[in-house]
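This report refers to the structure that appears directly beneath it.
The values are calculated or read from the model by the stated rules, or taken from the named source; none is laboratory data. Since the structure is predicted, the reported quantities are computational estimates derived from the model, not experimental observations. All Cβ positions, glycine included, derive from the backbone under ideal geometry; neighbour counts span all protein chains shown. Accessible surface is based on the protein model in full, side chains and every heavy atom, while ligands, DNA and RNA are left aside. Shrake-Rupley method; radii C 1.70, N 1.55, O 1.52, S 1.80 Å.
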Amino acid sequence: MSFEVQPRVLRRQRRAASEHEYKSRQGRPSRPLSYIPMKVFNSPDASSSVTNLNEPYGRRQSASSMQSLAIEMIEPNLDDSFHKEVAEKTQMYFVGKKEAEIEVRIDRIVKKAGSKDKALLYVVSKIDDENEVQILVNTLLNRGANPSASNANLTTALHFAVGKNFRGVCNKLLEHGAYPNARDRNKEMPYTVAYKKENDTIASMLISYMSNSEVRRLYSSDGSCPSEFSFHNLMNKNMQKTILAVLDCLIEEQLPSGNMTVYYHILESDEEGRTPIQEGFNKESKTPLQMIAKSGNKTLVYHDIVRLLIRRKWKEYARKRFIVNTVLHLITLLALTFSSVVAVSAPDPLVYDTSLQVFRAIFEVWTCVMSLVTVCSEVNQIRKHKKEYFHDPFNYIDLPSSLLILSAIPLRALKLNEQWPVLSVAFLFWVLRIFKYAAVLRQTGAYAQILWRVLRHDFIQFTFVFLVMLLAFSGAFMLSLKGEHSMEIHSETSSFWKILFLGVRILIEAERIIEYSELKPMSCIIMVMFLFTCCVVLLNILIAQLSDTYQNVQQDAQRGLEVNRAWIVARVELNSLYLGKNHRTTHYKESEDIKDVREVLERWETPPLNEMNKHIQDIYDSLDSHKMNLLTVRNRLARQESTLGKIQEQLELLIQLQKGRSKQRDTSLSSLSKNQWETIKARNSR
């Protein structure tokens, strides 16, 4: 028996990009499934055992005879023979008791199973304790067991490990060369099991051990039948690690030129994996790129493959379309502003008797036409997206602003004064819509992202705290004034609602509104406390919070802008009625050769956080390997410690023997000398 540990298989890098260049993810080319030398093992005891191993990967029920055999193999009886074998291995190989027990247990399993490969299948399929399986599998692999061994149904140990969610065991099998794309008789791979069980971690691990071409084939359709796996399902299941692993496979280094080939066809496919140029492509289906953009997941959007596709589409058609929409919106805003100012100054807004009023009529017609176009566009989006339409915050402004402008027409025709409040709200909404087009420039887009983050987080929290303080002040101040008969001293304190408005004015103006020196002591104390809380405490907290938020958001504004532009590209493709309706087909490109990806993305600057995420992901992926290595080191240290103890005992025994022999030699020499002296003395006496 050999305890020598085999060289550890180095884990391949999961990422396709490094700081200066992209390296190939795959160290060896993909091996066709027909050439995978899978061994078929029959049961060592009875045919029923084959049926037992071929059952689904969950809980299995087998015959009583097979159960007793498995129990005997996996849970050995602690009889005298077992302890005797452990003692023999401890003395023979100078190992610790625990490791000797493992070795004896492995010997018994191998002997009963018939081979190390069959023992590996038994261990992974029968034992439910993952830590125990890791130890046994590690020992069997170090003894030379085939990690890709299969049973009569071509089910490998990796199939069983994936079915039981044994992540560490899967990692160890893959490191020792187990085939990640091995298929059983049902044509299922270990990845199929992880995909069905929605095990994101194991699925991404298996993808990282497959070749790039193999992964692309699994998620692509040949046109005649759907793809084997759907990228859309990964998005719906929120399997982010697997999505990133698949995206890593969409870039390939071409040797010896060193150019990179970037594949876009999976991100442009429909739910069945068909590309826009293939027959049967579903134009109503959202593409994976559109789903990624709609999810707003910055990690996915900022993947290099997604960024390259967004960049290409942005430059080819999305940017032009977006600039046109921005210009039309600004022209409409100017027209609305001009017509509103002139209409307010006119004695009768229905009379167009001067040249200025004629220009106002032209601008009003333009505004109404653009509002009608906006309403049609929003209705079309509601028809396509239904409930998803309301996930976009700007949609709550687009449709109401246009409807309010159109509703002002009958109000003006009826000469109702309500037309002015309606136009007031419509004008406010139409101006706020300009933030929707802020991404046309990078700086304005970044500022819009920061402003939105501040409004959504800081002001909501601050408003909640202020409302609590305002309610407490208003109620206490009103009751105090009533008890002191002072409610009529100031008009601002004559009712509860006026006191509420007074508190809001104090916060906004940051100073006292009424002369509180005229108040009675109780009311004066409450007023001073409220002034101190608002002007000193709350406002300073708000300023500090805004400053901290600005610094944090500014670092991540680039990624937020990237998400915004991705969604702009998706909206152009999804919401076009006539112009740009076939952009997905006319601008489709399956792949693209790029000499230097980093140079291409130079203007789309990568924030440090993206690089940190890559390093953290690499550390996370190798954690299981380090755990198994630590286990091996511990076992070897225990073995060496035991060996050193045995050597020390042997040395002590040798020293004792040496001392005994030297003492015996000295005694022999002294007795010999004494005899010789007596002999000489006797001779002399004669």
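Placing a label point 7 Å from the Cα of A510 along the Cα-to-Cβ direction, the residues of the stretch 529-553 whose backbone N falls under 19 Å from that point are 529-550. By the rule of a C-alpha distance below 19 Å, with chain neighbours fewer than 8 residues away ignored, the lysines paired with K196 are K164, K187, K237, K241.
In a DSSP loop and with at most 14 other Cβ atoms within 10 Å, the chymotrypsin sites (Phe, Trp or Tyr not before Pro) in the stretch 356-458 are F394.
Applying 1/(1 + (r/R0)^6) with R0 = 30 Å to the Cβ-Cβ distance of V351 and S407 gives a FRET efficiency near 0.90.
For the pair H457 and M529, what calculated FRET efficiency results from E = 1/(1 + (r/R0)^6), where r is the Cβ-Cβ distance and R0 = 30 Å, to the nearest 0.05? Result of the calculation: an efficiency of 0.60. Label sites at A472 and M522, each approximated as a point 7 angstrom past Cα along Cα to Cβ, lie 1.9 nm apart. Applying 1/(1 + (r/R0)^6) with r as the Cβ-Cβ distance of I434 and H485 and R0 = 51 angstrom yields a FRET efficiency of 0.45. Near C535, within a Cβ-to-Cβ distance under 11 Å, what is the net charge of the other residues, with Lys and Arg +1 and Asp and Glu -1? Overall, the nearby charge balance is -1. For the stretch 405-461, trypsin sites (Lys or Arg not before Pro) meeting the loop criterion (DSSP other than H, G, I, E, B) and having at most 10 other Cβ atoms within 10 Å: K415.
Kindly list the residues of the stretch 228-253 that lie in the label zone of S295, defined by a backbone N under 16 Å from the point 7 Å along the Cα-to-C-beta vector. Within reach of a label on S295, which here means backbone N under 16 Å from a point 7 Å along Cα→Cβ, the stretch 228-253 contributes 230-250.
In this simple spin-label model, placing a label point 7 Å from the Cα along the Cα-to-Cβ direction at both E284 and L416 gives a separation of 3.9 nm. With each label modelled as a point 7 angstrom along the Cα→C-beta vector, the V369-K237 pair spans 5.2 nm. Considering only L406, C524, V454, the residue lying farthest towards the positive end of the dipole of the stretch 397-531 is L406, judged by Cα position with unit charges set on Cβ.
Placing +1 on the Cβ of every Lys and Arg and -1 on the Cβ of every Asp and Glu, with nothing else charged, gives the stretch 459-524 a dipole about its Cα centre of roughly 200 debye. Think of a 1.4 Å ball rolled over the protein heavy atoms: the stretch 183-269 then has 34 Å² of accessible area per residue. For K595 and I382, the difference between the fully extended length at 0.36 nm per residue and the C-alpha to C-alpha distance is 72.4 nm.
Scanning residues 5 or more positions from S150 or on other chains, those with amide H under 5 Å from its amide H are K39, F41, with H placed 1.01 Å from N in the peptide plane. For the stretch 102-202, averaging the sequence separation of C-alpha pairs within contact (under 8 Å, six or more residues apart) and dividing by the residue count gives a relative contact order of 23 percent. Accessible surface for the stretch 424-555, divided over its residues, is 59 Å² per residue with a 1.4 Å probe. Extension gain for H83 to Q551 (0.36 nm times residue separation, less C-alpha to C-alpha distance): 161.8 nm.
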